[in-house]
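The values are calculated or read from the model by the stated rules, or taken from the named source; none is laboratory data. Remember, predicted model here, so these are calculated numbers, not experimental data. Cβ: placed from backbone, ideal geometry, glycine included. Neighbour counts: every protein chain shown.
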Amino acid sequence: MATTHPRHSLLVLALLFAGACGDNDGGGSERRLVFLHTNDEHSHLFGFAPELDDYPPPTEPGDGDIVGGIVRRAQLLADQRAAAAAEGIDTLTVSAGDETQGALPQIAFATTSPDFAFMRTLAYDVMCPGNHEFDQGPDAYAAAIAAADASGGVPPIVSSNIHFDPDDPADDDLEALYGDAGSDAPIQPYRIVETASGIKVGFFGVMGSSASFYAPLKAPVRFSAERPEDEGDQDTVMPLIYADIEPVVETLRDQVDVVVMVSHGGVNTDQPELGDDYLVAQNVPGIDIIVSGHSHTALEEPMFAEGPDGYTVPIVQAGSYGRFLGRAELVLHDGERPTIDTDPEKTGLLVVDDSIVPTDEAMLAELDGIIGDIEADVLPEQLSRIEGAEVTDDPGVLGDLYFRDMGSTEFDVIGNSAQTETNMLNLSTDAMLATAEDLAGPTLVAVQASGNVRDDIVVGKTGVLSYADLYRIFPLGENPLDGSPGYPLTRFYIYTVELKAAFEVGVSRGYLEDSLYLGAAGVKVEYDTSRDPQDISSIAKTLDPQNGRVTRILVDVDHTDGVEDYTVALFDINREGNAAWQSELGNDAFALQPVVTSLYIASFASAAGVTLKNESGQEISLTDAILRRPDDSPVKDYESFISYVRQICSDNGGLLPSRYDETSSEGPIPRRMICSGPLCVD
């Protein structure tokens, strides 16, 4: 099933007629079972990009420019289920985590839970939690499940390696929703589903090592790791995951025909052995298929790993954001383990795009209802903060705030690009730096992580930069002080040596996990990937200028002149000894440098032992570092970004300035993160 634009009516007919000459004759010992699967949907209820192009929904087939959209997925699911049923084949529908957090509907996550409600409407049989379900903490995840459950039910959730803290009440609400297999609890360690034809399927759920690492606000919840500092360390955590799930698999193996791992662990297509799900398949016997999520990988055909019992385990994953519907067809014979039919018409990916015309009026009305509720309850306050003046909703004009015009663009701005500087990172950090200097005074550097950038700016049909489309780029997190959506910006001071160490993480671990690659404003960082990553085992080694990949950090001392001019070397490996840390600013390795970044990145720095400080060098807490307006309200990452885009468009005749256009003379990449050596990305 190649990744092509499906002609869905023809596909349905093909599958219907295939039964006449296929192996499944309805008698005999062979049975078939189809898994329809998605993962990393991230609240993308509308097609994109931009979402504005999908509203109102097109009533005629398009040419595929709009991808995704939950009502299109509903239509495709209905077609696939009908075609399979006509052949006498059962279907089960699965999501492998991160159903939420990534687009504007997520702001109703903890109140009305539109994502879970829609997945119930689409008749998902099972799902597992992803790391982003914990972006607003375990209490918000519990509230979302409870909200969906109270309004008609939530799809069954499986989580086999979750651990709660008996001494910390912060996860009590979520723990109360967790129960034994076979109970009425929304979350269970495993579930057994019997299909219409009598096939017994056992589902269990796993959160991977990397995914758990990227959910710092889940605490005190743990996923197999015994200590917070172990999270993300595959060598330490994966054996603990195996130990958690092996008894679950053994229990299921004795009761069911098919054992399915629904996993938010991820795969690595370049080096399979680095993927969590591949490692589980290799080390835990008894698994028949893994439905994977987290890495946003569009596997057009299954990845295979040989298990310790000699069984070859297929791993499937369907990209992200609802752009694809995965289809995996298993073949069952009495007394044998299932096998997967690798015929592309049986197993692969179906594209979800505007060649599918949504016809379910009830679902379209439900989408309208979500827009109306958000515009009435949330957006006036959000937009008033961003625009600095009162914004009100006109209830007679649906979409007036959701798709509010914040400017226009004549070019795309790429946000998702592995291990390299992008103009989206530059646009984001420019926004942070301008916000920090406006509210708190001179600031040396702004830092953003690639993992926080969730999408691109795309010109689309109109070039309009709507509120929903800009929000979708930096939608993550919450304010830990009040639970409101969005990571606050933080401003604090750290030593020059700590700043270098932060960039060392970005240019070393960032090449292993691209979410950790860092972009910046206010500085230019030169680094050499032929050098070994920095050794931080001692203070002496950290202070050694020759230790690590960063070779120079250059400062733009004037952020107000509109020119990127890096004239002062804050650190230079070419200077001897301690002189490497000296600069014309009178700095040394322990000079305090003012930094602005999101609370998400600051939380990783704090967890890694970096002490956040005030201008006097005194230690401050993470929440003390939150950047605030004069009225004491915190500034969110997305607010800073959208406000800045709106302002620079306004100052430029309504258009996004060409300095963020890679094809212009001002916007080529790279210009702030200058890579040399074998790992550089073109």
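The table that follows gives values for the structure above.
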read-out	value
Any hit, the stretch 96-119, residues being more than 19 Å from H44 (Cβ to Cβ), crowded, with 24+ Cβ neighbours inside 10 Å and either out of contact with any Ser or Thr (no Cβ under 6 Å at 6 or more places or on another chain) or of a type in the set (F, W, Y) (or both)	no
Complete set of residues in the stretch 537-588 that are of a type in the set (D, E) and touching a Gly at 6+ places or on another chain (Cβ under 7 Å)	D556
Residue among G326, G319 that is touching a His at 6+ places or on another chain (Cβ under 7 Å), buried (at least 24 other Cβ atoms within 10 Å of the Cβ), closer than 18 Å to D343 by Cα and not basic (K, R)	G326
Strands (runs of 3 or more DSSP E) enclosed by the stretch 368-477 - at least 3 residues per element that are closer than 21 Å to I626 by Cβ	445-449
Which numbered condition L349 fails, given (1) closer than 29 Å to D455 by Cα; (2) without any contact (Cβ under 8 Å) to a residue 60 or more places away in the chain; (3) in the same structural domain as D79 (by TED's automatic domain parsing); (4) not hydroxyl-bearing (S, T, Y)	(2)
Whichever residue in the stretch 34-54 is assigned to a strand (DSSP E or B) and among the aromatic types (F, W, Y) and, among such residues, is nearest to G451 (Cα to Cα)	F48
Answer residue from the stretch 651-670, given it is of a type in the set (D, E) and in a loop (DSSP other than H, G, I, E, B) and is modelled with the lowest pLDDT among those	E666
Residue identified as touching a helix residue (DSSP H, G or I) at 6+ places or on another chain (Cβ under 6 Å), β-branched (V, I, T) and at pLDDT 95 or above among I315, I340	I315
Within the stretch 271-303, tally of residues that are within 18 Å of V34 (Cα to Cα), surrounded by fewer than 24 Cβ atoms within 10 Å (Cβ to Cβ) and either in the same structural domain as E513 (by TED's automatic domain parsing) or not aliphatic (A, V, I, L, M) (or both)	3
One residue from D65, D54, D90, D115 being more than 25 Å from the chain's Cα centre (by Cα) and either outside the structural domain of V458 (by TED's automatic domain parsing) or not acidic (D, E) (or both)	D90
Unmet criterion (only one of (1) in contact with a Phe, Trp or Tyr (Cβ under 7 Å, 6 or more places away or on another chain); (2) modelled with pLDDT of 95 or more) for P475	(2)
Hits in the stretch 249-260 (condition: within 19 Å of P314 (Cα to Cα) and surrounded by 18 or more Cβ atoms within 10 Å (Cβ to Cβ))	V249, L252, V256, D257, V258, V259, V260
Residues of the stretch 235-248 satisfying the condition of being buried (at least 24 other Cβ atoms within 10 Å of the Cβ) and either acidic (D, E) or not assigned by TED's automatic domain parsing to the domain that holds G307 (or both)	none
Set D125, D135: member being closer than 26 Å to D276 by Cα, of a type in the set (D, E) and surrounded by 22 or more Cβ atoms within 10 Å (Cβ to Cβ)	D135
The stretch 485-523 - residue that is buried (at least 21 other Cβ atoms within 10 Å of the Cβ) and of a type in the set (D, E, K, R) and, of those, modelled with the highest pLDDT	R491
Complete set of residues in the stretch 517-559 that are out of contact with any strand residue (DSSP E or B) (no Cβ under 6 Å at 6 or more places or on another chain) and either of a type in the set (K, R) or in contact (Cβ under 8 Å) with a residue 40 or more places away in the chain (or both)	Y517, T529, S530, R531, K541, T542, L543, G548, H559
Flag if Y141 is surrounded by 24 or more Cβ atoms within 10 Å (Cβ to Cβ) and over 20 Å from E51 (Cβ atoms)	yes
Failed criterion for T112 (all others in (1) under 22 Å from D172 (Cα atoms); (2) at pLDDT 95 or above; (3) not in a helix (DSSP H, G or I) hold)	(2)
Whichever residue in the stretch 173-230 is among the charged types (D, E, K, R) and assigned to a helix (DSSP H, G or I) and, among such residues, is modelled with the lowest pLDDT	E229
Set Y660, Y638, Y644: member being within 30 Å of L217 (Cα to Cα) and in contact with a Gly (Cβ under 6 Å, 6 or more places away or on another chain)	Y638
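Results for (1) crowded, with 16+ Cβ neighbours inside 10 Å; (2) closer than 17 Å to E329 by Cα; (3) of a type outside the set (G, A, S), shown as yes or no for each residue.
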| residue | (1), (2), (3) |
| --- | --- |
| F46 | yes, no, yes |
| P57 | yes, no, yes |
| E60 | no, no, yes |
| D63 | no, no, yes |
| I66 | yes, no, yes |
| A74 | yes, no, no |
| G88 | no, yes, no |
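Yes/no per residue for (1) outside the structural domain of D456 (by TED's automatic domain parsing); (2) over 20 Å from L433 (Cβ atoms); (3) among the aliphatic types (A, V, I, L, M):
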| position | (1), (2), (3) |
| --- | --- |
| F571 | no, no, no |
| S616 | no, yes, no |
| V635 | no, no, yes |
| E639 | no, no, no |
| D651 | no, no, no |
